[in-house]
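Below is one structure, written out as C-alpha cells, with a few remarks after it.
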Amino acid sequence: MSSPFFGLDIGASALRAAQQLLDTAAHNVANANTPGYSRQRVNLVAAPPYTYPAFNRSGLPGQIGTGVNVMAITRIRDNFLDLQVQTQTGLQGQWDARQQELSKVEAIFPEPSDSGLGGTLSKYWNAWQDIAADPTSTAARSALTEQAQALATDINRDATQLGIIRTGINAQVTDKVQTINDLATQIATLNGQIQRVSVTGDNPNDLLDQREQLLEQLSAVVPTQVLTRADGTISVLLGGTDLVNNVYARKLDTQTGPTGDLTPVWADGTAFTPPSGALKALTDFRDVDLASYQSQLDSLAQGIADATNALHERGVDQLGNAGQALFTYQASAVAGTLAVNQAIVADPRLLAVASSPNSPGDGSVAGLIADLRNATSYTAGTAGVNAVGGMDLTTGTTARLMTIASGSATAQTWTFSGSGNSLTLTGANGQTQTITVPDMASGTTQTLNFDQLGISLKLSTAIGVGKAATDLVTDLTTAGQNTIVTASLFTPPQTASDFYSGLVGKIGTAGSQAQEMGANQQLVVNQLTQRVASTSGVSLDEEATDMVRFQHAYQAAARVITTMDQMLETLINNTGLVGR
Amino acid sequence: MRVTEGMIYNSTNQALASTLSKMSSMTEKVSSTKELNRPSDNPADVRSAVQLRDVLAELDQFGRNIDAASGRVDAMDNAMASVGDLIQRANELAISGANSSLSASDRQAMAQEVSQLIESVAQDAGAKFEGDYIFSGFKVGTPPYTVTGPGAVSAYQGDHGVVIARIGQASSMQVSVAGDTVFQPALDALSQLQSDLQSGNLVQPGTITALQGALDNLLASRSQVGARANRLDQSKTSLASLTTSNQALLSQLEDADMPSVITELSKRQTTYQATLAVTAKVMQTSLIDYLR
C-alpha cells in the first residue's frame with residue numbers, strides 16, 4: 001500500500017513541470033526577435049512507476065504512476081537547413097560585394113549622358129574639325145586646347161576614381177580579414193563553453209544558437225567547412241585548413257603585394273585562397289575586373305594620345321616649325337598622367353595643323369586628326385624624316401599624301417622603292433606588293449591601293465598641276481622620305497567610340513549580371529530563412545496557447561495538492577472521532 | 001507548414017522592399033524621362049546610345065562645316081560675279097575700241113578705265129571670308145594679287161592648296177579655287193586690252209577673243225562653284241534628315257516610354273498599398289488579444 005502522502009509528491013512534480021514549461025514559454029516569448037534564436041521545448045516524461053519488478057515487491061497491483069519528470073530542454077533546429085543557409089549566404093555575400101563595387105564603377109562612367117567621357121571625346125574630335133575648317137581662327141585653336149585639356153582631365157579623373165575604388169577594396173580586405181579573425185575567436189570561446197556544458201549532459205541551447213549565428217556571419221565572408229565533434233565543439237575549416245579547432249582559433253593576416261594590393265594569407269605566411277564568398281569577390285574584382293577597366297582606360301588614353309601626337313608631330317605650326325607632341329603621359333600610368341603640352345596651351349599658334357610651312361590656310365593635318373574619330377588605324381611619315389612638311393611628299397606643291405584609308409595593316413614601318421611607274425611597298429616583316437602607278441590628272445585625288453597589304457594611300461594634287469607617274473614614283477622613293485608607319489589605335493583594331501562604348505558596355509553587363517545574380521541569390525536565401533523561421537522560429541500564438549495549457553496544468557496540479565490536503569485533513573483530524 | 005510571426009515580418013519586409021525598389025526605379029525613369037540611367041540598365045542599348053551620341057555630335061559638326069563652306073562658296077561666287085561684270089564692261093570697251101571712228105585720245109581715255117577695271121579685278125580677287133583671302137590657296141594671309149601701279153598688278157601670290165570641307169562621314173568636298181585659274185586669263189586679257197588702247201591703235205581681234213575666253217573661263221569656274229553650292233545645300237538637307245532619324249533612334253533607345261512607365265508605376269503603387277493593407281490586418285491581431 002502506498003503512503004497517503006504519495007499523491008502530494010505527484011502533485012509537486014506536476015507543479016514543477018508546469019512551472020518549467022511556463023518558464024520555457026516565457027524564454028521563447030522573450031527571445032522571439034533574437035537573431036538566430038531557436039525555440040526551445042521541454043521534454044517531459046512520466047516518472048518511473050512504482051513498483052519495480054522484484055521478489056520483495058508489495059502485493060499491490062502495479063505499476064502505480066509516480067508523476068512527471070523534466071528530461072531535457074532542447075531546441076528545435078534543422079542542421080541540414082543551417083548548412084544550406086551558410087552556403088547560400090556565402091554566395092549572396094559574394095554577389096553583393098561584387099555588385100556594390102560595380103555600382104561604384106558605373107558612377108564613374110555615367111553613360112549615356114552629355115557629362116560622361118563619351119561627350120568629351122565627341123567635343124574633342126569636333127574641335128579638330130573646327131580648326132580644319134578655319135585654321136587661322138584663334139578662337140578655334142584656343143577651343144581645341146581647351147577640349148584637349150578637358151579630355152585629359154576627364155580621363156585623369158576617371159583613373160583617379162578607379163584608383164580610389166582599388167584603395168577602398170584593399171581597406172575592405174583588411175576589414176574582412178579582421179572580421180574572420182574576430183568571428184573565429186568568438187567561435188573558439190563558445191566551443192569552450194559548449195564543451196563544459198555538454199560534458200555535464202545538459203543542452204547548451206542558447207550557446208549553440210549563438211555559435212550558428214556566428215558561423216552564418218562567417219560564411220558570408222568566406223565559405224567554411226564545419227565538422228562537429230562528439231564533445232559538442234566544432235572545427236571550422238577554410239580550404240582544408242583549421243580556422244577553429246576546439247578552443248583554438250588560427251589567425252589570418254594580409255600581405256602587401258608589389259603594387260600595394262593586399263592579399264589575405266595565414267598569419268604564418270602560408271598562402272590562403274578563398275574559393276568563394278565576399279572576400280574572394282573583392283580580390284577577384286580588384287585583380288580581374290577593375291584591373292581590366294583601368295588598363296582599358298589606359299589604352300583609350302594612349303590610343304588617342306599616340307595617334308594624335310603621331311599626326312600632329314608631322315604637321316607644321318603657324319610659326320613654320322614641326323609640331324610637338326600635343327599629349328604627354330607616363331607609360332606606367334597613362335590615364336592618370338595624361339596631360340596637354342603646356343607650351344601649346346600657352347600659345348595655340350603651336351598647333352601644327354598645316355602640312356607645309358607658309359600655308360596658314362592649310363588645316364589638312366587637323367582634318368587627318370579629326371578623321372581619327374572613325375579610324376581604326378592611322379598612317380604617318382617616320383618621325384624626324386618627314387617632320388617638317390609632314391605629309392608633303394614633294395619639294396613643290398604638286399602632291400600631298402592626304403589621308404589614309406587603310407583598314408587591316410598591322411603596326412609597322414613600310415618603305416617605298418621602285419622605278420619608272422612601278423612602285424613597291426615593303427613592310428618591316430617582309431610583306432611586299434608592287435603596283436603600277438598611273439599618271440595623276442590635275443585637280444583630282446588619287447588612291448594608291450596596296451590591297452594585299454591592307455594599305456591604301458590617298459594622294460591629292462593641287463589644282464591645275466598634274467604629275468606624271470614616273471615623277472610621283474621618284475618623289476615617293478626619295479631616300480629619307482620614303483617611309484611611312486602604320487599603327488592601330490587599339491587592339492584589336494576599332495574606333496575610339498567603339499572602344500569606349502565597349503568599355504561602358506562591359507561595365508554595364510557585369511553590373512547587370514551581378515544585380516540579377518544577387519537578386520536571385522537573395523530569393524534563395526529568403527526562402528531558406530523562411531524555412532528556418534518556420535522550423536525554429538517562435539510563434540507567439542503557439543506560445544500563448546501553450547501558456548494557457550501550462551497554466552491550466554499548473555492550476556490542476558495545485559488543485560491535486562489541495563485535494564490531497566483535504567484528504568489528509570479528513571484522515572488526520574476527522575477520523576476516529578465517532579462518539580466523542 | 002508552421003507559420004511564425006517572424007516569417008510574416010520577413011515576407012512582408014521582402015515584399016515591401018522589392019516593390020519599393022521597383023517603384024524607385026520607375027520614379028527615376030519618370031523624373032529623368034530616360035530609360036537608360038546607368039550602364040547596367042541595358043548594357044547593349046547603352047553601348048549603342050554612346051555610339052549614337054558620338055554620331056550625332058559629328059553630324060552636328062558636319063552641319064557647322066557645311067555652313068562655313070557655304071559662306072565661303074557664296075563669297076567666292078560674289079567675287080566672281082563682280083569680276084564677270086568687269087569683264088563684260090571691258091568687252092564693251094574693247095568692241096568700241098575696235099571701232100575706227102574713235103580718236104586715239106578717246107582710246108587712251110578708255111585705257112584709263114581699263115586700268116581701273118584691272119585694279120577692280122585684283123580687288124575682287126582679294127575677297128575675304130572670315131578674315132582669310134579665299135583665292136590664295138593656303139596662303140590665306142596674302143592677297144592673290146596686289147596693285148603695283150596704275151593698271152598694273154603683281155603676279156599670282158597664292159598657291160594651289162586645296163581646302164577640303166568635311167561634310168559627311170567619308171564625304172568631303174573641295175571648297176577652294178586657286179585665284180590664278182580664275183582670274184589670270186581675265187587679268188592677262190585686260191592688260192592686253194589696256195596696252196592696245198594705250199597705243200591708240202584699234203583693239204586687236206585677238207584681244208577680244210582673249211576677253212571672251214577669260215569670260216568663258218570665269219563662267220566655267222562660277223558654274224563649278226555653283227555646283228558646289230548646290231551640293232552643299234543638298235548635303236545640308238540630307239544631313240538634317242540623317243540627324244532626325246538618328247535622333248529618333250537615340251530617343252527610342254534612351255527615352256522612357258512615359259505612358260507605360262507611369263502605368264507600371266501606378267500598378268506598383270496599387271501592389272504596394274495592397275501589401276500595406278493586408279499586412280496591417282494580419283499583423284494587428286494575435287491570440288493574445290483574445291486571452292483574458
Which Cα, out of A:Y50, A:Q294, B:G126, lies furthest along the positive dipole direction of the protein assembly as shown (beta carbon charges, K/R +1, D/E -1)? A:Y50
What is the angle, in °, between the Cα long axis of helix A:540-573 and the longest principal axis of the Cα atoms in chain A? Nearest 10 is fine, range 0 to 90. 10 degrees
Residue (of A:T228, B:V46, A:V173) at the positive-pole extreme of the protein assembly as shown, dipole from beta-carbon charges: A:T228
Using the basic label-point model (7 angstrom from Cα toward the beta carbon), what is the A:K251 to A:Q178 distance in nanometres? 1.4 nm
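Among the listed pairs A:K506/B:K22; A:K176/A:K280; A:K123/B:K236; A:K176/A:K506, give every one whose C-alpha distance is greater than 18 Å. It would help to have the intermediate numbers written out before the result.
On the way: A:K506/B:K22 24 Å; A:K176/A:K280 10 Å; A:K123/B:K236 21 Å; A:K176/A:K506 27 Å.
Cα-Cα > 18 Å for A:K506/B:K22; A:K123/B:K236; A:K176/A:K506; rest within.
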Apply the Karplus parameterisation 6.51 cos²θ - 1.76 cosθ + 1.60, with θ equal to phi minus 60°, to every residue of the range A:223-235 and state each ³J(HN,Hα) to the nearest whole Hz, in sequence, with x for glycine and proline. x, 10, 10, 10, 10, 9, 9, 5, 7, x, 7, 10, 9
Taking K and R as +1 and D and E as -1, what net charge do the other residues with C-beta under 13 Å from the C-beta of B:T27 add up to? +2
What ranking do A:82-91, B:172-181 get when scored by the average of other Cβ atoms within 10 Å per residue, highest first? B:172-181, A:82-91
May I ask you to work out the translational diffusion coefficient for chain A at 20 °C, viscosity 1.002 mPa s, via Stokes-Einstein with Rh from the Kirkwood sum over Cα pairs, reported in whole µm²/s? 68 µm²/s
Using the alpha carbon gyration tensor of the range A:177-305, what are the three equivalent-ellipsoid semi-axes (square root of 5 times each eigenvalue), largest first, in whole Å? 40, 13, 10
To the nearest 10 degrees, the tilt of helix A:291-312 (Cα long axis) against the first principal axis of the alpha carbons of chain A is 10 degrees
For the Cα atoms of chain B, what angle does the longest principal axis make with the long axis of helix B:179-198, in degrees from 0 to 90, nearest 10? 20 degrees
Sorting check: for B:272-280, B:52-60, which peptide has the highest mean count of neighbouring beta carbons within 10 Å, and how do the rest follow? B:52-60, B:272-280
Karplus-derived HN-Hα couplings along the range B:247-261 (A = 6.51, B = -1.76, C = 1.60, θ = phi - 60°), whole Hz, x at Gly and Pro: 5, 4, 4, 5, 5, 4, 6, 8, 7, 6, 7, 3, x, 6, 5
Which one of A:N526, A:A544, A:M564 has its Cα pushed farthest toward the positive end of the charge dipole of the range A:498-580, where Lys and Arg give +1 and Asp and Glu give -1 at the Cβ? A:M564
Within the range A:5-97, report the chymotrypsin sites (Phe, Trp or Tyr not before Pro) that DSSP leaves as loop and that have at most 12 other Cβ atoms within 10 Å. A:F5, A:F55
Principal axis dimensions, largest first and in whole angstrom, of the range B:101-204 by Cα: 63, 22, 17
For the range B:49-249, shape from the Cα gyration tensor axes a ≥ b ≥ c, cut at a/c of 1.5 then a/b versus b/c, turns out prolate
Explain nothing, just the number: dipole magnitude of the range B:162-291 about its Cα centre with +1 on each Lys and Arg Cβ and -1 on each Asp and Glu Cβ, in debye rounded to the nearest 20. 340 debye
Given Cβ point charges of +1 (Lys, Arg) and -1 (Asp, Glu) and nothing else, what value in debye, to the nearest 20, does the dipole of the protein assembly as shown about its Cα centre take? 2820 debye
Rounded to the nearest 20 debye, dipole of the range A:82-155 from Cβ charges on Lys, Arg, Asp, Glu: 160 debye
Shielding of B:139-151 by partners, i.e. mean partner chain Cβ atoms within 10 Å per residue? 2
Give me the net charge of A:F109's neighbourhood, meaning all other residues with Cβ under 9 Å from the Cβ of A:F109; Lys, Arg count +1, Asp, Glu -1. -2
Expressed as a fraction of 2.2 N^0.38 Å, the rule-of-thumb size for a compact globular protein of N residues, what is the C-alpha radius of gyration of the range B:1-146? 2.55
With θ set to phi - 60° and the Karplus curve 6.51 cos²θ - 1.76 cosθ + 1.60, what are the ³J(HN,Hα) couplings of the range A:55-68 in order, to the nearest whole Hz, using x for Gly and Pro? 5, 8, 5, 5, x, 6, x, x, 9, 9, x, 10, x, 10
Measure out, as a whole number of angstrom, how far apart the alpha-carbon centroids of the range B:111-155 and the range A:484-561 sit. 81 Å
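All of the numbers you see were taken from the coordinates with simple rules; none came from a lab. Given the structure is predicted, the values throughout are model-derived calculations rather than measurements. As a convention, Cβ positions derive from the backbone with ideal geometry for all residues, glycine included, and neighbour counts pool all protein chains shown.
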